[in-house]
Amino acid sequence: MRTDVLTETSLSSTFAITVLSAACIVCILRWFLRRPRNFPPGPFGLPVVGYLPFFSKKPFIDLIDLSKKYGKVFSLRVGSLNVVVLCDFLAIKEAMSKDAFLDRPPNIQIQGLSENISFLSVNGNWWKEQRRFSVQILRNHGYGKTKMEDYIKEEISIILDHLASLNGAVCDIREILVPSMSNIISAFIFGRRFEYDDPKRKYLDKRLSEFIEHVKWFDLKTFFPWMKPFLSALNSRYKTSTVELLAFIREEINNHKKRLDENNLQDYISSFLVEMRDRKKYDMLRGNVRVWFLGGSGTVRTTIEWCLLTMATYPDVQKRVQKEIDSVIGRERLPSWDDNVHFHYTQAVLYEVQRWQTIVPLSLLRYTNEDSTVQGYNIPKGTTVINNIWAVHNDPRYWKKPNEFFPEHFLSQDGTTFVKSEYFIPFCVGKRSCPGEKMAIVEIFLYFVSILQRFTVALSAGEKPNFDGICEVTWDPKFHHLMFLSR
């Protein structure tokens with residue numbers, strides 16, 4: 001009898017545990033699968049991790065595939081977050097024009113700036129102040145004017161001399177472009193450039209390279225905030241490169257403090273120290289400096305690499321660009337930004353490369369600071385939003401040949417006049433679009449025209465072009481052996 005009682009008690013306990021476990025699982029699934037009223041449709045994914053395991057190395061393509069099933073505005077669960085994806089120009093334009101979509105997620109790690117705040121990651125009045133200040137400093141220091149061109153042309157002249165010294169030998173153009181792009185930002189931030197063999201130049205570029213290696217679009221700390229302490233402890237190399245980069249920036253700031261002349265502000269750091277000294281925002285300054293180097297040098301360098309690879313692949317297009325260069329400015333003087341209005345075909349080529357190989361396929365994450373709507377759907381406060389720029393740039397509704405390199409996308413019907421399309425949005429749209437857009441456009445134009453003015457770009461013998469890039473935050477071309485043959 002006693003054995004029967006024990007057996008019955010054991011069975012009852014097992015049954016109760018099973019029922020309780022099942023109830024917990026149901027509650028967890030109901031919590032995970034819940035959707036707000038009139039929320040955009042989308043896949044459910046898996047418990048805890050959501051849709052994250054299903055992303056390939058090209059998440060922007062995966063999101064386009066999902067949009068074909070769920071619509072241009074859809075949702076999915078990624079880790080701990082409800083995410084709304086916008087794969088349509090009109091949806092992106094509508095959302096980004098609203099103040100409700102101005103914020104960044106509170107746990108954003110995409111910039112790799114967890115240790116420091118910056119104008120890229122802060123929200124509200126703080127962001128407005130820093131954005132306004134950064135744009136004003138760009139204007140004050142001649143960015144968009146002659147002074148900026150002087151910085152750029154100095155670096156271009158050095159690159160041209162270096163390419164000429166190679167006498168047509170194959171080279172890694174990235175190794176040449178990295179210090180050049182970095183020097184332009186150095187001139188703006190520090191008030192001076194570094195010689196290529198300067199130990200400080202090499203140290204800075206190495207720390208920046210290590211830092212950028214760890215900047216991921218799908219960073220686990222963004223979508224799994226509770227994992228941040230564990231992941232940070234594991235990534236010692238990232239912490240080391242970050243500490244060393246911050247130390248470099250801190251030394252530059254301290255040197256600027258010592259020699260600060262309020263009547264002669266030569267660069268971004270000096271201007272910041274005068275403007276912000278009473279508010280003690282030096283953490284913001286360090287973060288801002290890293291953002292300028294990350295966005296101001298990496299994206300421009302990547303764009304120019306794609307442009308040069310494209311010219312090597314399409315020699316007929318390259319010849320037409322060079323013919324226009326010879327016609328407009330000849331081969332003796334370097335181009336100026338004022339010349340751009342006469343370069344119709346060249347501008348069409350540059351814009352088409354940036355459309356065809358969208359450098360930032362997925363724009364930096366946004367976060368709703370209040371309830372709002374997009375295309376008739378309810379988007380609650382606290383929703384993470386992804387803009388799929390690649391989807392807009394490859395939408396057959398907007399482009400005649402979306403999957404091909406076709407400069408005619410940006411030419412008038414008779415092929416003689418450059419025409420910019422409203423669907424071309426490499427810097428996104430709205431109030432929080434990239435503040436360095438004008439600076440980047442000028443750099444790309446001047447570098448591209450100057451190089452093709454002096455050289456014909458070609459692939460090494462037997463090498464085939466590969467336009468299957470590598471996606472981190474930016475869409476980078478794979479390594480190619482390029483030759484620069486004097487014209």
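Annotations for the structure displayed:
- Set PHE410, PHE455, PHE467, PHE406: member being within 25 Å of ILE184 (Cβ to Cβ) and in contact (Cβ under 8 Å) with a residue 24 or more places away in the chain: PHE455
- Contact map, the stretch 35-48: first residue within 12 Å of VAL85 (Cα to Cα), second residue outside any loop (DSSP other than H, G, I, E, B) and β-branched (Val, Ile, Thr), Cβ cut-off under 6 Å, separation 6 or more or different chains; pairs are PRO40/VAL73; PRO40/VAL84.
- GLU370 being acidic (Asp, Glu), crowded, with 20+ Cβ neighbours inside 10 Å and in contact (Cβ under 8 Å) with a residue 40 or more places away in the chain: no
- Extreme residue, nearest to TRP337 (Cα to Cα), among residues of the stretch 120-173 that are at pLDDT 90 or above, small (Gly, Ala, Ser) and part of a helix (DSSP H, G or I): SER157
- Within the stretch 241-275, the set of residues being farther than 20 Å from LEU204 by Cα and touching a residue at least 40 places away in the same chain (Cβ under 8 Å) comprises LEU265, GLN266, SER271, PHE272, GLU275.
- For the stretch 450-461, the criterion of being part of a loop (DSSP other than H, G, I, E, B), touching a Lys or Arg at 6+ places or on another chain (Cβ under 9 Å), open to solvent by 30 Å² or more (accessible area, probe 1.4 Å) and over 22 Å from VAL300 (Cβ atoms) is satisfied by no residue at all.
- Leading residue by the ranking (nearest to ILE64 (Cα to Cα)) among those in the stretch 403-421 that are open to solvent by 20 Å² or more (accessible area, probe 1.4 Å), within 25 Å of the chain's Cα centre (by Cα) and not hydrophobic (A, V, I, L, M, F, W, C): ASN403
- Restricting the stretch 152-187 to residues that are of a type in the set (S, T, N, Q) and open to solvent by 10 Å² or more (accessible area, probe 1.4 Å), the residue that is farthest from TYR447 (Cα to Cα) is ASN167.
- Pairing residues of the stretch 182-204 that are free of Cβ contacts under 8 Å to residues at least 60 places away in the same chain and small (Gly, Ala, Ser) with residues that are open to solvent by less than 10 Å² (accessible area, probe 1.4 Å) and in a helix (DSSP H, G or I), at Cβ distances under 9 Å and at least 6 apart in sequence or on separate chains, gives SER186/ARG201; SER186/LEU204; SER186/PHE293.
- The single residue among TYR345, TYR282, TYR351 that is free of Cβ contacts under 8 Å to residues at least 60 places away in the same chain and at negative phi turns out to be TYR282.
- Residue pairs meeting the criteria (Cβ under 7 Å; at least 6 apart or on separate chains; first modelled with pLDDT of 95 or more, in the stretch 309-333; second open to solvent by 70 Å² or more (accessible area, probe 1.4 Å)): VAL328/HIS342
- Looking only at the stretch 300-328, and only at residues there that are out of contact with any helix residue (DSSP H, G or I) (no Cβ under 6 Å at 6 or more places or on another chain) and of a type in the set (Val, Ile, Thr), the one that is most open to solvent (accessible area, probe 1.4 Å): THR313
- Residues that are open to solvent by 10 Å² or more (accessible area, probe 1.4 Å) and of a type in the set (D, E, K, R) within the stretch 188-203 comprise ARG192, ARG193, GLU195, ASP197, ASP198, LYS200, LYS202, listed in sequence order.
- Scanning the stretch 31-89 for residues that are small (Gly, Ala, Ser) and open to solvent by 50 Å² or more (accessible area, probe 1.4 Å) gives a single hit, SER56.
- Restricting the stretch 174-199 to residues that are in a helix (DSSP H, G or I) and of a type in the set (Gly, Ala, Ser), the residue that is farthest from the chain's Cα centre (by Cα): ALA187
The values are calculated or read from the model by the stated rules, or taken from the named source; none is laboratory data. Source: prediction; values computed, not measured. Quick reminder, even Gly has a Cβ in these numbers, built from the backbone with ideal geometry, and neighbours come from all protein chains shown. Remember, those area values only see protein heavy atoms, side chains included, never the ligands or the DNA or RNA. Shrake-Rupley method; radii C 1.70, N 1.55, O 1.52, S 1.80 Å.
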